[in-house]
Amino acid sequence: MSQAYAVVAVTVVVLATVLIGGFGLRISRTTSDFYVASRTVGPRLNAAAISGEYLSAASFLGIAGLVLVHGPDMLWYPVGYTAGYLVLLLFVAAPLRRSGAYTLPDFAEGRLESQTVRRLVSAFVIGAGWLYLVPQLQGAGLTLAILTGAPDWLGPAIVATVVVLAVAAGGMRSITFVQAFQYWLKLTALLVPALFLVLAWQHDGRPHIPAGAPAAVPALAIAGSLGRADHPLYATYGLIVATFLGTMGLPHVVVRFYTSPDGRSARRTTVVVLALIGVFYLLPPVYGALGRLYASELSLTGDADAAVLLLPGRLIGGTGGDLLGALVAGGAFAAFLSTASGLTMAVAGVLTQESRGVRHFRLATLLAMAIPLAGALLTTGVPVADAVGMAFAVSASSFCPLLVLGIWWRRLTPPGAVAGLLLGGGSALIAVSVTMSGAVPPGWAHTLLAWPAVWSVPVGFLAMVLVSLATPARIPAGTHAAMTRFHLPEALR
């Protein structure tokens, strides 16, 4: 791919992001605009924004790399991501919107009437957000370095600067338009080249795509991970549970449901999200399958994620290949920007929970990005997929039990919530951290710690239930009113 074309593509994406964010600034006038876009975002726009921030570069590049290396067995990976929104639709979306909260800590305090629970949830939201931000910034550096030869620090610096400008300028109102634009850009950036690639494959005589793995690689090396699965079947279930249940607690996903006008709109938004994400996930496997034919050597070098970027040049070639490659490069960079914007918005909202002022929000935006930026520059040896997997596992083990039980079980108490958060989310965080440190030798202990969601999610639920049953006197006085607010449509209240 021509470096000049790639530079132009990335520059256009960055400028478009800044300009659209500036448009949001013009119509963001109140504190509510900054935090929840005054709760006026319709289902289609909101769904496009949620899809834009959720489909990170791991989805844009990583799934194709998985299929290239491991074949169709890896198609279960996007299923977990997409199915997570089905859980949101059934159990969380409408009641969460009806809670009237701005953030997850607001929901926790409103439901359980406990500052202790609020502070603990805030710590988990900030921690999960930063864990997810670090790999986005690192991935931007790696991608820009591959495309243009730029130093590793430049990509994170560009993403951090653009995101802070867009989020601080107009808050939720700005990034709603930015992320919706970036979803359609990412979809176009995969769809248009895919059509030409399939035509080129047909012109080449439709060669057979091999079913076996093209190279001897770890059985479950997920997009650059450490390949820590000694027991692949268990590890597969571990990731499925983490992605299926972790989606509902990701701070940048949950906060968008607060922008819906009402509970019915939140449900409609989730249905549209399922459709948009489902359409998107049809495309990366096409690149992965063609990569097995035309770029199989990437599995030997550990650069399988680059298949999406390299295939247009290999199959099309010439100026056409360069243009299609530049389109893909722009889409990849948009993936970093959109996910980082949502995460920064969520973390900044929690950091300013004691003061709902626009000035404090803008200062918090700088802090929300500064810490993960430092982490991305200082911890270059941490695999991107491991950090993402950690965020999903922690979210599934902490926020999933809190949201499901908090919305649907009247007997949940503050001591129960604290116990579940610490034992579920805390054990998942410790388990994955210990594994990444390399302190545990291969074997069942290693696998159990590397993929903790299978046991840490039940631990979180069980701890919340048992401790709540043991402390019935601590049921909040406003439980009945809160449950009524969650489950009655707005028109009936």
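The values are calculated or read from the model by the stated rules, or taken from the named source; none is laboratory data. Predicted model, so just to flag it, every value in this text is computed and none were measured. FYI the Cβ positions are ideal-geometry reconstructions off the backbone, even for glycines, and counts take in every protein chain you see. Surface accessibility is based on the protein's heavy atoms, side chains included, excluding ligands, DNA and RNA. Shrake-Rupley method; radii C 1.70, N 1.55, O 1.52, S 1.80 Å.
Each other residue within a Cβ distance under 10 Å of Ala101 adds +1 if Lys or Arg and -1 if Asp or Glu, for a net charge of +1.
Full extension of the chain between Trp444 and Leu282 gives 54.9 nm of extra length, using 0.36 nm per residue less the Cα-Cα distance.
Taking N as the residue count of the chain, its C-alpha radius of gyration divided by 2.2 N^0.38 Å amounts to 0.94. Expressed as a whole percent, the proportion of Cα-Cα pairs in region 143-183 lying more than 16 Å apart is 48%.
Stokes-Einstein, applied to the Kirkwood radius of region 60-138 over Cα pairs at a viscosity of 1.002 mPa s and 20 °C, places its translational diffusion at 139 µm² s⁻¹.
Counting only protein heavy atoms, what percent of the accessible surface of the chain is carbon or sulfur at a 1.4 Å probe? The C+S portion of the solvent-accessible surface of the chain is 69 percent. Using the alpha-carbon atoms, what tilt in degrees (0 to 90, nearest 10) does helix 263-280 show relative to the longest principal axis of the chain? Rounded to the nearest ten degrees, it is 20.
Approximating the spin labels as points 7 Å out from Cα along Cα→Cβ, the His487-to-Thr319 distance works out to 6.5 nm. Taking the 0 to 90 degree range and rounding to the nearest ten, how far is the long axis of helix 284-294 tilted relative to the main principal axis of the chain, both from C-alpha atoms? With both axes taken from Cα atoms, the answer is about 30 degrees. Normalised by the number of residues in the chain, the mean separation of alpha-carbon contacts (under 8 Å, six or more apart) gives a relative contact order of 30 percent. Computed over region 245-332, the quotient of the alpha carbon radius of gyration and 2.2 N^0.38 Å is 1.50.
Counting charges near Ala307 (Lys, Arg +1; Asp, Glu -1) among other residues having Cβ under 13 Å from its Cβ returns a value of -1. Helix 384-408 and the longest principal axis of the C-alpha atoms of the chain enclose an angle of approximately 30°.
The modelled label-to-label distance for the pair Ile371/Asp262, using points 7 Å beyond Cα in the direction of Cβ, is 3.8 nm. Protein heavy-atom accessible surface, 1.4 Å probe, per residue over the chain: 36 Å².
Taking 7 Å steps out from each Cα toward its Cβ at Leu363 and Ser437 produces label points 3.5 nm apart.
Need the full-extension length gain, Ala477 to Ala145, defined as separation in residues times 0.36 nm minus the C-alpha distance. One decimal, nm.
Values: separation 332, 0.36 × 332 = 119.52 nm, distance 5.63 nm.
Contour length minus Cα-Cα distance gives 113.9 nm.
So how do 121-129, 314-322, 389-397 stack up, highest first, on mean other-Cβ count within 10 Å? Provide the component values of the computation, followed by the final result.
Working: 121-129: 23.7, 314-322: 16.0, 389-397: 29.3.
For the peptides 121-129, 314-322, 389-397, the packing ranking is 389-397, 121-129, 314-322.
Please compute, over every Cα-Cα pair in region 390-475, the percentage with a separation greater than 23 angstrom. Write out the running numbers ahead of the final one.
Numbers: 954 of 3655 pairs.
Everything past 23 Å amounts to 26 percent.
Take each peptide in 366-374, 199-207, 411-419, count the other Cβ atoms within 10 Å of every residue, and average; sorted highest first, the result is 411-419, 366-374, 199-207.
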